[in-house]
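Please read the structure below before turning to the comments.
The values are calculated or read from the model by the stated rules, or taken from the named source; none is laboratory data. The shown structure was predicted, so the numbers you read here are calculated from the model rather than taken from an experiment. Methodologically, a virtual Cβ is constructed for each residue, glycine included, from the backbone with ideal geometry; neighbour enumeration extends over all protein chains shown.
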Amino acid sequence: MQRTIVIAQVLKPQGVRGEIKVKPLLDDIADIKRIPRVIVAGREYKVLSARCDAAFAYLGLAGIADRDAAELLRGKEVEASREDLPAPAEGRAYIVDVIGCAVCTEEGERLGAVTNVLPAKTDVFVMEREGREWMFPAADGVIAEIDVEKGVVTVDKKRFEEVALLQGKDE
């Protein structure tokens, strides 16, 4: 398992005292307030302050004292150590743990492997099968179970076939 997990994206400096505005990539934005340290552009920072609104979080980091220093972080990913993050809720998993998992039907038929998960209100799973890319939403009834220990995402075959989309064209 990967030691660090991307938890946010730096959007811009916030104010003149070095605070940064980030777009959290966590199920619960408030979880970002419990993280004691983050890694941005390969450098670890102690989190001095964290506050949230409905869609964004604002972080004050040790060593980032003014707007110019904060500006250098614009567009960078914010990572945290797995040990500093809460365990995923029942039936949920961190995206990084799902990538590489086999996608199988409840009957055991292997359909492909997860290559990416696009975070959205309803996450979109990207799967490769025989060199072709398929996309399917994590909508109700599509994903029956995610077992990262076994490396398997189990889908309901009928529902999967209703919503999965083949990307690109035949050559």
Failed item in (1) in a strand (DSSP E or B); (2) surrounded by fewer than 16 Cβ atoms within 10 Å (Cβ to Cβ); (3) in contact (Cβ under 8 Å) with a residue 24 or more places away in the chain; (4) not assigned by TED's automatic domain parsing to the domain that holds Glu162, with Arg51 passing the rest: (3)
Checking Arg110 against (1) in contact with a Cys (Cβ under 6 Å, 6 or more places away or on another chain); (2) crowded, with 16+ Cβ neighbours inside 10 Å; (3) without any contact (Cβ under 8 Å) to a residue 24 or more places away in the chain, the condition it does not meet: (2)
All positions within the range 55-67 that are touching a residue at least 24 places away in the same chain (Cβ under 8 Å), farther than 15 Å from Ala8 by Cβ and not basic (Lys, Arg): Ala65, Asp66
Subset of the range 124-138 (residues that are loosely packed, with under 15 Cβ neighbours inside 10 Å and more than 18 Å from Cys104 (Cβ to Cβ)): Gly131
Members of the range 54-71 found to be over 15 Å from Ile7 (Cβ atoms), surrounded by 14 or more Cβ atoms within 10 Å (Cβ to Cβ) and of a type in the set (A, V, I, L, M), listed by number: Ile64, Ala69, Ala70
Subset of the range 116-148 that is of a type in the set (Val, Ile, Thr) and assigned to a loop (DSSP other than H, G, I, E, B) - its residue that is modelled with the lowest pLDDT: Thr122
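Filter the range 74-115 for residues that are part of a loop (DSSP other than H, G, I, E, B) and over 27 Å from Phe160 (Cβ atoms) and give the result.
Arg74, Gly75, Lys76, Leu85, Pro86, Ala87
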Residue match in the range 155-162 (condition: farther than 26 Å from Leu26 by Cα, touching a Ser or Thr at 6+ places or on another chain (Cβ under 8 Å) and not acidic (Asp, Glu)): yes
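So which residues in the range 149-171 are part of a loop (DSSP other than H, G, I, E, B) and among the aromatic types (Phe, Trp, Tyr), if there are any at all?
Narrowing the range 149-171 to residues part of a loop (DSSP other than H, G, I, E, B): 149-151, 156, 164, 167-171.
Selection gives nothing.
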